[in-house]
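Enquirer: One structure, pasted below without further comment.
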Amino acid sequence: MEERKQILVTDDEPMVTDSFRIMLKDTYEVLTAYSGRECLQIVKQHKPHLVVLDVRLPDIDGITVLKEIKQIDVSLPVIVITGVGTHKTAIEALKLGADDFIAKPLNFYELRAIIANSLSGGAKAPKTLPSPEDVITKNYLSTLKVLNRILGARDPYTRKHSKKVSEYAVKIAQELGLSADEQEVMREAALLHDIGKVGIAESILNKPSKLNPQEWAEVKKHTQIGEGFLEPIQVLHIEQSMIRHHHERYDGKGYPDHLKGEEIPLYARILAVADAYEAMISPRPYRKALSPLEAIKELRRCSGTQFDPHIVRIFIKILRKDRAC
Ligand SMILES: [Fe+2]
């Protein structure tokens, strides 16, 4: 029988550690610590597979404990628990190498998903130390994910939309024969494609009626704002260009750079089709959703003007295969 993975939960409130134990005991062996010092001692002695860490502890603050854990074992996944309104702390923790964060009040399903995800990405098996560039990139991506979750909290439509768009975009990438790594870039970047909307006023994002021209001009800035978020990390240039160009049009009438045809990066052309289809089949306060058949008709109508015709053909084939229409 496979050995159960050990999870160390550190929180000074026994009610919290008890909840974790009850929620996770069927799948994991749960260890508990009630202070920062106790946590560090258990990490050294028991070498757990993952640590869940409250940022507020009675002796040492959670951020300091996180730094020390990473000095003991840089590959040990740490999930930070934050309270209401402590996004700043979450971002700081992610910069320091935390794998994810979970906000109180705890949600059982979210918690299990975050733990499973961190365990699959941060296995305990000995590995070579990642290069400083890899660590910086990984941490920076985590920070972007937090930013994206903040955007999701401000604009729930965009959160659900980006998830679906990402699924469609990966299917198109697969069908086009892109490699597994390329599909992964597609998946991650599609999830973040509207991240620049975090810089747009909430009154515009959630406006229940149609936008006026000034508001529309504001929304259009999200492509450049989003690209700017990724700029500090040079290795993310594919993601950057995809975010910048996902509203370009095949006929050159899109934004921000009016690129035409294959001047538009392939990833951005894929995203444009997935993005438009998902938007069309989703209801908005100011318009009804189109049926999948109506949306396909619209994709066809705009094939060669707004969208790359080859990608439209491939996407329609995928939808037919998945019986979405
Ligand atoms: Fe967008």
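The values are calculated or read from the model by the stated rules, or taken from the named source; none is laboratory data. Remember, it's a predicted structure, so these values are computed and weren't measured experimentally. Reconstructed Cβ throughout: ideal geometry from the backbone, glycine too, with neighbour counts over all protein chains shown. Heads up: the accessible areas ignore ligands, DNA and RNA and are worked out on the full protein's heavy atoms, side chains in. Shrake-Rupley method; radii C 1.70, N 1.55, O 1.52, S 1.80 Å.
Enquirer: Considering region 179-201 alone, what residues qualify as being under 15 Å from residue 144 (Cα atoms) and either within 11 Å of the ligand (Cβ to nearest atom) or in contact with a His (Cβ under 6 Å, 6 or more places away or on another chain) (or both)?
Expert: Within region 179-201, 190, 192, 193, 194, 195, 196, 197 qualify.
Enquirer: Take the residues in region 209-234 that are without any contact (Cβ under 8 Å) to a residue 12 or more places away in the chain and more than 13 Å from the ligand (Cβ to nearest atom), then tell me which one is surrounded by the most Cβ atoms within 10 Å (Cβ to Cβ).
Expert: Taking the candidates together, the pick is 215.
Enquirer: Restricting the search to region 277-315, which residues are of a type in the set (Phe, Trp, Tyr) and buried (at least 16 other Cβ atoms within 10 Å of the Cβ)?
Expert: Selection gives 277, 307, 315.
Enquirer: Now for a separate question. Does residue 244 fit the bill of being open to solvent by 60 Å² or more (accessible area, probe 1.4 Å), within 16 Å of the ligand (Cβ to nearest atom), touching a residue at least 12 places away in the same chain (Cβ under 8 Å) and closer than 23 Å to residue 304 by Cβ?
Expert: Answer is no for this residue.
Enquirer: Additional query: Residues being modelled with pLDDT of 90 or more and not in a loop (DSSP other than H, G, I, E, B): count how many of those fall in region 209-226.
Expert: The total comes to 12.
Enquirer: Follow-up. Assuming residue 277 fulfils every condition listed in (1) modelled with pLDDT under 95; (2) away from the ligand (no atom under 13 Å from the Cβ); (3) within 21 Å of the chain's Cα centre (by Cα) apart from one, which condition is it?
Expert: The number of the failed condition is (1).
Enquirer: Moving to a separate point now. I'd like to check something: does region 23-43 contain any residue that is in contact with a strand residue (DSSP E or B) (Cβ under 7 Å, 6 or more places away or on another chain), within 15 Å of residue 119 (Cβ to Cβ) and in a helix (DSSP H, G or I)?
Expert: Yes, region 23-43 contains a residue that is in contact with a strand residue (DSSP E or B) (Cβ under 7 Å, 6 or more places away or on another chain), within 15 Å of residue 119 (Cβ to Cβ) and in a helix (DSSP H, G or I).
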